[in-house]
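**Q** Dropping a structure here in structure tokens format, bear with me for questions.
The values are calculated or read from the model by the stated rules, or taken from the named source; none is laboratory data. Fair warning: this is a prediction, and the values are worked out from it, not measured in the lab. Cβ sites come from the backbone with ideal geometry, for glycine too, and all protein chains shown count toward neighbours. The protein model used for the area step is the full one, side chains on, heavy atoms only, and it has no ligands, DNA or RNA in it. Shrake-Rupley method; radii C 1.70, N 1.55, O 1.52, S 1.80 Å.
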Amino acid sequence: MFESEINRRRTFAIISHPDAGKTTLTEKLLLFGGAIHVAGAVKSNKIKKTATSDWMEIEKQRGISVATSVMGFEYEGHKINILDTPGHQDFAEDTFRTLTAVDSVIIVVDAAKGVEAQTRKLMQVCTMRKTPVMIFVNKMDREGKDPFDLLDELEAELGIGVRPLSWPINMGQKFKGVYNIYQEKLNLYTPNKQRISETVAVDLNSTQLDEMVGEDDARKLRDDLELIEGVYNPFDVKNYLSADVAPVFFGSALNTFGVKELLDCFIEIAPAPLPVAAQERSVEPHEEAFTGFVFKIHANMDPNHRSCIAFVKICSGKFERNVPYRHIRLDKQFKFSSPTAFMAQKKETVDEAYAGDIVGLPDTGNFKIGDTLTAGETLHFKGLPSFSPEMFKYVENADPMKSKQLQKGLDQLMGEGVAQLFTHQNNGRKIIGTVGQLQFEVIEYRLLHEYGAQVRWEPMSLYKACWIESDDAAALENFKKRKFQYMAKDKDGRDVFLAESGYLLQMAQQDFDKIRFHFTSEF
């Protein structure tokens with residue numbers, strides 16, 4: 001029973017550049033799972049928040065997702081957990097951390113725009129973690145790039161082999177459907193946002209194909225498929241699972257087309273929960289004892305309830321409500337009376353959850369990102385990096401009477417992983433580093449509304465902050481002395497070098513060859 005529960009789980013993230021159609025695809029997958037009955041339901045209420053607070057206004061005004069949402073549903077005997085991530089690059093950190101909690105990934109690419117910068121960056125994380133990837137080329141009902149050119153671009157830009165498992169028949173106004181190479185069936189396209197088009201098993205060499213799509217398109221389809229067989233190796237699931245090859249599907253999420261092929265192939269070949277590496281050992285999902293880690297903390301922003309939810313990815317065993325578990329960093333036992341699971345629109349209390357699932361635990365300030373919970377064993381899960389920020393500002397207290405509130409607010413917000421805090425060694429000033437401009441607005445807003453603290457930003461020109469280390473203690477000391485006015489400490493007290501320009505960073509790397517420069521905080 002225990003084994004089969006875990007084996008039927010599929011936990012994956014959907015990632016893409018903003019506007020490639022990620023939320024639409026998520027919605028259509030939920031539609032097939034019966035979790036929602038009308039498309040458009042996810043957009044109108046992304047997991048209802050207990051109170052629609054001003055904070056969420058940012059999401060509404062900008063029309064973007066700023067937080068990862070988790071949705072679970074059943075489909076053909078499988079329990080599927082989707083994590084829909086923010087596409088906006090200012091919230092990339094949230095997406096990077098979400099990737100540590102999933103076993104596979106679906107990347108959505110816009111047929112007209114191809115691979116965009118954000119997608120490339122996220123793909124690097126998948127490659128680093130050897131996460132299996134599937135690609136869905138969306139918006140085939142609009143004019144876009146030639147499919148073969150797109151495949152070449154995917155290989156070149158994402159650094160992974162590709163293998164088409166479905167193939168489009170024309171595109172834009174003339175789009176007639178896709179041929180499902182994986183199941184050897186033809187799917188004819190009828191634009192409809194709620195219903196699914198018809199699927200026919202068809203012999204490629206028969207005249208039936210000519211009748212269905214017209215002689216010219218039938219001839220082109222046969223030629224294309226022959227070319228695919230000639231250029232690409234036959235599809236091998238092993239290569240997909242080892243993250244060497246990404247299967248590619250074509251379709252239109254908005255018109256619910258090509259989505260079912262993706263989902264059917266996905267549940268068949270995507271990995272069930274995989275082992276997770278802890279510092280001490282590798283943790284297998286089928287172990288009896290519960291283990292899990294916090295990969296995200298979402299503060300509610302409701303001024304009446306200062307509650308946060310810690311999202312926990314279960315790595316092994318079974319999680320049960322009201323059973324005491326050990327919080328490794330604090331070395332304390334905690335019981336959770338109202339753990340929640342997330343369904344398209346509802347948040348409900350769960351009595352049990354299995355490896356692969358994601359549960360939300362009410363947090364009153366006990367959790368940090370990266371914390372481990374176990375049934376008793378001492379384990380530390382790693383792999384929740386903070387990336388080197390791109391934007392920096394000095395943060396100054398605008399109201400000297402509220403310095404305590406500011407300190408507390410900065411501590412909590414940095415703990416949530418909103419941004420990173422550095423203390424300059426030379427003048428003791430505090431610097432906040434973020435991945436994007438939007439975070440400064442978010443931090444200022446939250447400090448004022450949640451902690452009653454006002455801040456003033458002062459610009460500073462910095463190119464990069466990078467963590468440094470060396471096996472040679474004398475070389476490290478020498479570097480810190482020579483570069484004293486560019487040194488800072490992060491919130492964990494580690495040495496950080498503040499490079500004012502790309503040139504200075506390059507020179508430092510050349511002149512001090514015994515120093516290692518890191519661009520993520522995990523090394």
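**Q** Cβ contacts < 8 Å: first residue in contact (Cβ under 8 Å) with a residue 12 or more places away in the chain and part of a loop (DSSP other than H, G, I, E, B), restricted to segment 490-511; second residue open to solvent by 40 Å² or more (accessible area, probe 1.4 Å) and not aliphatic (A, V, I, L, M), any location; separation 6+ or different chain. Result?
**A** E500/S461; E500/Y463; E500/Y486; S501/Y463
**Q** Can you list residue pairs whose Cβ atoms sit under 8 Å apart, with the first residue in segment 230-256 being farther than 17 Å from G159 by Cα and part of a strand (DSSP E or B) and the second being open to solvent by less than 10 Å² (accessible area, probe 1.4 Å) and hydroxyl-bearing (S, T, Y)? Count only pairs 6 or more apart in sequence or on different chains.
**A** Correct list of pairs: F249/S166; F250/S166.
**Q** Is there a residue being under 24 Å from Q118 (Cβ atoms), at pLDDT below 90 and open to solvent by 10 Å² or more (accessible area, probe 1.4 Å) anywhere in segment 465-483?
**A** no
**Q** Check every one of the strands (runs of 3 or more DSSP E) wholly within segment 285-337 and list those with 1 or more residues that are within 20 Å of V70 (Cα to Cα) and either in contact with an Asp or Glu (Cβ under 9 Å, 6 or more places away or on another chain) or at pLDDT below 90 (or both).
**A** Filter on segment 285-337 gives 291-299, 308-316, 318-320.
**Q** Residue by residue through segment 370-383, note down the ones that are out of contact with any strand residue (DSSP E or B) (no Cβ under 6 Å at 6 or more places or on another chain) and surrounded by 16 or more Cβ atoms within 10 Å (Cβ to Cβ).
**A** Passing the criteria: G370, A375, E377, G383.
**Q** OK, next. Read through the list (1) open to solvent by less than 10 Å² (accessible area, probe 1.4 Å); (2) within 30 Å of G177 (Cβ to Cβ); (3) not in a loop (DSSP other than H, G, I, E, B), then give the number of the only condition that T98 fails.
**A** (2)
**Q** Hey, another quick one. What's the number of the condition E211 fails, among (1) closer than 16 Å to K176 by Cβ; (2) open to solvent by less than 10 Å² (accessible area, probe 1.4 Å)?
**A** It is condition (2) that E211 fails.
**Q** Being open to solvent by less than 40 Å² (accessible area, probe 1.4 Å), in a helix (DSSP H, G or I), modelled with pLDDT of 90 or more and over 30 Å from V125 (Cα atoms), is that true of even one residue in segment 441-459?
**A** Step one: list which residues in segment 441-459 are open to solvent by less than 40 Å² (accessible area, probe 1.4 Å), which gives 442-443, 446-447, 450-453, 455.
The next check asks that each one be in a helix (DSSP H, G or I); those that pass are 442-443, 446-447, 450-451.
Right, trim to modelled with pLDDT of 90 or more and you get none.
No, because not a single residue in segment 441-459 is open to solvent by less than 40 Å² (accessible area, probe 1.4 Å), in a helix (DSSP H, G or I), modelled with pLDDT of 90 or more and over 30 Å from V125 (Cα atoms).
**Q** Could you grab me the full set of residues in segment 103-129 that are touching a residue at least 40 places away in the same chain (Cβ under 8 Å) and over 14 Å from the mean Cα position of the chain (by Cα)?
**A** V109, D110, A111, K113, G114, V115, E116, A117
Residue by residue, here is whether (1) surrounded by 17 or more Cβ atoms within 10 Å (Cβ to Cβ); (2) closer than 18 Å to Q454 by Cα holds:
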position: V395; (1), (2): yes, yes
position: A398; (1), (2): no, yes
position: M401; (1), (2): no, yes
position: D411; (1), (2): no, yes
position: G417; (1), (2): yes, no
position: T423; (1), (2): no, no
position: R429; (1), (2): no, yes
position: V435; (1), (2): yes, no
position: Q439; (1), (2): yes, yes
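**Q** Return the residues of segment 218-251 that are over 33 Å from the mean Cα position of the chain (by Cα) and crowded, with 16+ Cβ neighbours inside 10 Å; say none if nothing qualifies.
**A** A218, L221, D224
**Q** Also: Looking only at segment 418-429, count how many residues are part of a strand (DSSP E or B) and either within 19 Å of K368 (Cβ to Cβ) or among the aliphatic types (A, V, I, L, M) (or both).
**A** Here the count works out to 4.
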